[in-house]
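Please read the structure below before turning to the comments.
The values are calculated or read from the model by the stated rules, or taken from the named source; none is laboratory data. Predicted, not measured: the structure shown is a model, and the values here were computed from it. Cβ coordinates were reconstructed from backbone atoms using ideal geometry, including for glycine residues, and neighbour counts include every protein chain displayed. For the accessible areas, the whole protein counts, side chains as well, though only heavy atoms, and no ligand, DNA or RNA atoms are used. Shrake-Rupley method; radii C 1.70, N 1.55, O 1.52, S 1.80 Å.
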Amino acid sequence: MSDLPRILIVDDSRVVRVSLTRHLQGHFDIREEGDGEAAWQTLVLDHSIRAVISDLRMPKLNGYELLERLRLSKLRRLQQMPFILVSGEETEEERARACALGVSDFVTKGAGSAEILARLNHLLALSSAQEGLEAGRQRLVQDPESGLYSRKYLELQAAQAMAHAARHGSAVSALVVGFDGYPALVERLGERGAAELAVGVARQLAAKMRREDSLGHFADGEFAIICQGTPAAFAATFAERVRQAVAAARVNTPGAPVALSVSIGLASQPVDAADTAAALLDLAGARMRQAMALGGNRVDAGGVRPASQAMSVRQALELIAAGQPAAVLPHLSALGFQLLPLLQLMNRELGSNLPLAEFEHRLSERKNQ
């Protein structure tokens with residue numbers, strides 16, 4: 001395949017197509033179509049086409065209609081593709097219509113090679129510059145490999161959330177989640193394998209977050225979450241749920257399953273004295289490292305206690321299966337009351353005579369204690 005930029009020439013006249021091709025040969029790789037409909041199909045399927053030179057009056061789909069389809073397309077590359085109309089006897093109104101539809105430029109019929117090449121090269125240079133700007137903007141927002149937000153974008157999100165919180169008297173919290181023993185994971189799985197494993201877990205967490213919260217990269221093996229409008233106590237509860245969920249997970253890797261745990265640091269406004277987004281994230285990161293230094297698999301919320309929240313039976317079973325029954329014990333009474341209706345149904349349907357009244361009495365005593 002040619003390394004030259006590919007250009008599509010659309011004209012129902014073979015003579016015109018040959019003439020244009022003669023002007024562009026050696027500078028561009030040329031593809032031709034004889035009507036607008038065929039050109040549209042080609043543009044959708046051939047991602048290598050960089051620009052279009054089209055006649056205005058053609059069968060099936062004229063130049064206006066082809067241009068309009070490109071500009072209304074859901075494909076960004078077609079929306080922004082340079083489109084040159086070959087002008088001849090059209091009126092000023094027709095040229096104005098083409099401009100309104102988003103034509104990039106005009107060349108007159110019979111124009112020489114120098115003029116056509118100059119216009120095409122100018123448009124392609126502008127297109128390349130635009131693509132570079134878009135790519136740079138996208139890198140600012142999103143990591144190209146994982147698809148998660150970049151740290152810089154998280155700082156922007158945190159700054160916006162803090163400004164909103166200041167105006168409305170609400171809160172904003174930042175969590176930094178770090179995988180315990182990440183260097184050992186890198187040694188075992190390699191840098192790419194460890195990163196993919198961490199990103200996979202992060203994506204699972206993202207699926208359980210609120211739509212208004214943002215999750216992205218913080219550092220190698222570390223992720224940050226911006227929780228808009230979330231007071232510190234409720235963010236601490238969420239952090240504890242995240243910690244428990246990761247600890248209960250068993251991730252399959254080549255060789256054997258991997259047991260993972262995370263340490264989480266939490267910082268929140270207005271509780272903490274962090275007046276910028278960077279300071280809020282850095283404080284959460286420092287607390288995460290402190291949690292790791294104390295043995296890992298814990299949350300450091302700067303002394304904030306989690307808001308009370310009931311544990312589901314499913315969460316309890318996952319923790320017990322993961323060998324962490326101690327995490328379930330504080331919720332035992334609430335879990336028992338959740339299960340009572342099921343036990344009563346089983347008693348009735350199975351014809352058994354379990355002492356459920358005594359069971360309920362013991363649960364009440366434990367709850368009161």
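All of LEU140, LEU133, LEU124, LEU117 fail the test of being over 17 Å from GLY63 (Cβ atoms), within 33 Å of the chain's Cα centre (by Cα), assigned to a helix (DSSP H, G or I) and at pLDDT 80 or above, apart from LEU124.
Within the bounds of the stretch 150-167, is there any residue that is modelled with pLDDT under 85, closer than 20 Å to MET292 by Cβ and in a helix (DSSP H, G or I)? Looking for residues that are modelled with pLDDT under 85, closer than 20 Å to MET292 by Cβ and in a helix (DSSP H, G or I), one finds at least one in the stretch 150-167, hence yes.
Residues in the stretch 239-276 that are at pLDDT below 90 and either among the small types (Gly, Ala, Ser) or touching a Cys at 6+ places or on another chain (Cβ under 7 Å) (or both): 9 in all.
Every residue in the stretch 75-107 that is touching a Phe, Trp or Tyr at 6+ places or on another chain (Cβ under 6 Å) and either small (Gly, Ala, Ser) or open to solvent by less than 10 Å² (accessible area, probe 1.4 Å) (or both), please.
LEU85, SER87, SER104
Number of residues in the stretch 172-225 that are open to solvent by 50 Å² or more (accessible area, probe 1.4 Å) and either at pLDDT 90 or above or within 28 Å of ALA256 (Cβ to Cβ) (or both): the value is 12.
Which one is least open to solvent (accessible area, probe 1.4 Å) among residues in the stretch 256-291 that are without any contact (Cβ under 8 Å) to a residue 24 or more places away in the chain and assigned to a loop (DSSP other than H, G, I, E, B)? Top of the filtered list is ALA274.
Could you list, in sequence order, all residues of the stretch 63-89 that are more than 26 Å from LEU117 (Cβ to Cβ) and either modelled with pLDDT of 90 or more or in a helix (DSSP H, G or I) (or both)?
Residues of the stretch 63-89 that are more than 26 Å from LEU117 (Cβ to Cβ), as a first pass: 65, 68-69, 72-76.
GLU65, GLU68, ARG69, LEU72, ARG76 - these are the residues of the stretch 63-89 that are more than 26 Å from LEU117 (Cβ to Cβ) and either modelled with pLDDT of 90 or more or in a helix (DSSP H, G or I) (or both).
Please work out which residue is farthest from PHE179 (Cα to Cα), limiting yourself to the stretch 200-228 and to residues that are in contact with a helix residue (DSSP H, G or I) (Cβ under 7 Å, 6 or more places away or on another chain) and among the aliphatic types (A, V, I, L, M). Step by step, filter the stretch 200-228, then rank; the result is ILE226.
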